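Working notes, beginning with the structure itself.
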Amino acid sequence: MLIGCPKEIKSQEYRVGLTPRAAAEVIARGHKVIVETGAGTGSGFPDDDYTATGAEVVATADEVFARADLIVKVKEPQAGERKMLRDGQVLFTYLHLAPDPDQTRDLLAGGVTAIAYETVTDGRGGLPLLAPMSEVAGRLAPQSGAWALQKANGGSGVLMGGVPGVRPANVAIIGGGVVGAAAARVAVGMGANVTVLDRSVPRLSYLDDVFMGRLTTQYSDQVGVAELLPRMDMVIGAVLIPGAAAPKLVSREQLALMKPGAVLVDVAIDQGGCFETSRPTTHQDPIYEVDGIVHYCVANMPGAVARTSTIALGNATMPFLIALADNGWKQACKDDPNLLNGLNTHAGHLTYAAVGEALGIEAITPQAALTM
Ligand SMILES: NC(=O)C1=CN([C@@H]2O[C@H](COP(=O)(O)OP(=O)(O)OC[C@H]3O[C@@H](n4cnc5c(N)ncnc54)[C@H](O)[C@@H]3O)[C@@H](O)[C@H]2O)C=CC1
Ligand SMILES: CC(=O)C(=O)O
Ligand SMILES: [Mg+2]
């Protein structure tokens with residue numbers, strides 16, 4: 001199989017979908033690899049690292065898209081990339097379709113077989129291809145939020161850890177999954193006073209256990225969130241209902257409950273965001289203010305630490321990439337129901353129910369797609 005990896009073109013996205021190690025692995029199994037020149041540079045992998053594995057480095061994304069059977073990427077295909085995708089081509093990347101009707105329409109119109117990293121499962125209730133980037137974004141969230149709290153950035157001027165005699169920042173993390181736990185770890189480490197909210201009591205028990213009294217857990221309901229807001233210096237949004245549009249947990253009206261210069265970090269922005277006033281921002285222009293509250297809503301946070309993120313993502317995608325290359329997408333998905341859960345579009349059909357519900361498009365089952 002010919003596997004193609006273009007250079008990412010989303011704003012300030014320095015990750016790459018295929019590491020030289022992954023290229024070496026599939027080439028050793030008899031496959032061919034083409035990589036766009038410069039694709040790995042932002043992650044510290046020059047073209048030579050790819051050519052050393054036997055991969056072919058080509059000058060343009062057009063050539064990668066025109067020749068490859070399987071395209072491996074990081075971010076959802078941008079409008080220009082979607083024009084280059086072909087009927088029957090397999091795309092393996094993050095998609096986040098629920099809040100993105102334009103992308104969904106283009107993938108369906110193009111007849112692309114698209115497997116979304118964020119909905120591949122592991123059979124233990126986890127999302128193995130989302131988790132590594134959630135670990136990164138979670139660790140970054142308090143750091144980015146602390147920067148936004150600084151006066152020069154519009155924040156209230158509160159230091160995360162306080163100082164002797166002055167209280168630390170109050171930080172609420174809504175959603176205690178992978179992002180939430182990683183964010184808690186860093187926020188606690190910075191000395192903040194941390195509360196984690198979740199709807200899963202077993203998850204709250206787990207966090208209560210592992211943090212051994214260094215944070216507070218709270219069941220997440222509307223009244224509880226509203227009661228917390230007036231005291232918080234920072235609220236980190238980290239909820240997920242897999243594949244679905246994020247539920248809105250803080251309304252615009254509720255911003256008035258918050259302290260002026262408090263910060264909202266909406267990590268769930270890639271699924272549409274969990275605060276009503278969130279809209280996606282970029283690393284170039286990461287924050288904006290609504291009613292005196294600073295919003296940080298970067299949809300590709302891990303791109304900021306591309307070296308770490310690319311290697312972590314490459315480790316996680318490698319076994320699935322090998323299965324797709326060795327067996328073809330259909331057999332690989334028949335063999336592995338967890339990979340099949342990643343299928344979001346095939347031959348003009350949407351194959352993920354939660355995306356269909358969010359966008360009002362009828363979805364078929366992924367099993368039905370295997371018969372087409
Ligand atoms: N902006 C970025 O660059 C990145 C964003 N993400 C996003 O972060 C979000 C969280 O991802 P993970 O932590 O991996 O998901 P996860 O599935 O590990 O955790 C989500 C948690 O949210 C909880 N939850 C669901 N509804 C809730 C509610 N109404 N109130 C409180 N908790 C609720 C669930 O019980 C679960 O514990 C996702 O939208 C993901 O795509 C992940 C990586 C990078
Ligand atoms: C998860 C995701 O969208 C990202 O890492 O950018
Ligand atoms: Mg994203």
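The values are calculated or read from the model by the stated rules, or taken from the named source; none is laboratory data. The shown structure was predicted, so the numbers you read here are calculated from the model rather than taken from an experiment. Ideal geometry is used to build each Cβ from the backbone, glycine not excepted, and the neighbour counts take in all protein chains shown.
So the values come out like this:
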quantity	calculated
Number of the condition not met by Ser11 [criteria: (1) assigned to a loop (DSSP other than H, G, I, E, B); (2) modelled with pLDDT of 95 or more]	(2)
Any chance Arg185 is part of a helix (DSSP H, G or I) and basic (Lys, Arg)	yes
Options Ile287, Ile322; residue that is more than 16 Å from ligand 2 (Cβ to nearest atom) and either farther than 22 Å from Thr121 by Cβ or among the acidic types (Asp, Glu) (or both)	Ile287
Per-region count, the stretch 119-136, residues out of contact with any strand residue (DSSP E or B) (no Cβ under 9 Å at 6 or more places or on another chain) and in a helix (DSSP H, G or I)	6
Top-ranked residue in the stretch 139-161 [being in contact with a strand residue (DSSP E or B) (Cβ under 7 Å, 6 or more places away or on another chain) and part of a helix (DSSP H, G or I); ranked as surrounded by the fewest Cβ atoms within 10 Å (Cβ to Cβ)]	Asn153
Matching residues, the stretch 303-319, being within 16 Å of ligand 2 (Cβ to nearest atom) and touching an Asp or Glu at 6+ places or on another chain (Cβ under 9 Å)	Gly303, Ala306, Ala312
Qualifying residue in the stretch 164-173 (condition: in a loop (DSSP other than H, G, I, E, B) and either touching a residue at least 40 places away in the same chain (Cβ under 8 Å) or within 16 Å of ligand 2 (Cβ to nearest atom) (or both))	yes
Thr60 vs. criteria assigned by TED's automatic domain parsing to the domain that holds Ser11, at pLDDT 95 or above and closer than 13 Å to Ala23 by Cα	no
Qualifying residue in the stretch 41-59 (condition: within 16 Å of ligand 3 (Cβ to nearest atom) and either touching a residue at least 40 places away in the same chain (Cβ under 8 Å) or in contact with a strand residue (DSSP E or B) (Cβ under 6 Å, 6 or more places away or on another chain) (or both))	no
Yes/no for Arg21 being basic (Lys, Arg), out of contact with any His (no Cβ under 7 Å at 6 or more places or on another chain) and under 24 Å from Leu343 (Cα atoms)	no
Subset of the stretch 46-82 that is part of a strand (DSSP E or B), out of contact with any Asp or Glu (no Cβ under 8 Å at 6 or more places or on another chain) and of a type in the set (Val, Ile, Thr) - its residue that is farthest from Ala24 (Cα to Cα)	Ile71
Arg67 being away from ligand 1 (no atom under 14 Å from the Cβ), over 14 Å from the mean Cα position of the chain (by Cα) and without any contact (Cβ under 8 Å) to a residue 60 or more places away in the chain	no
Flag for Thr19 being within 16 Å of ligand 1 (Cβ to nearest atom) and either more than 30 Å from Leu359 (Cβ to Cβ) or at pLDDT 95 or above (or both)	no
Number of the exception - Ala98 against (1) more than 18 Å from His346 (Cβ to Cβ); (2) in a loop (DSSP other than H, G, I, E, B); (3) touching a helix residue (DSSP H, G or I) at 6+ places or on another chain (Cβ under 8 Å); (4) within 16 Å of ligand 1 (Cβ to nearest atom)	(1)
Enumeration of residues in the stretch 230-253 that are touching a helix residue (DSSP H, G or I) at 6+ places or on another chain (Cβ under 6 Å), farther than 22 Å from Pro286 by Cβ and more than 16 Å from ligand 3 (Cβ to nearest atom)	Pro230
Residues located in the stretch 69-82, provided they are away from ligand 2 (no atom under 16 Å from the Cβ) and touching a Pro at 6+ places or on another chain (Cβ under 9 Å)	Ile71
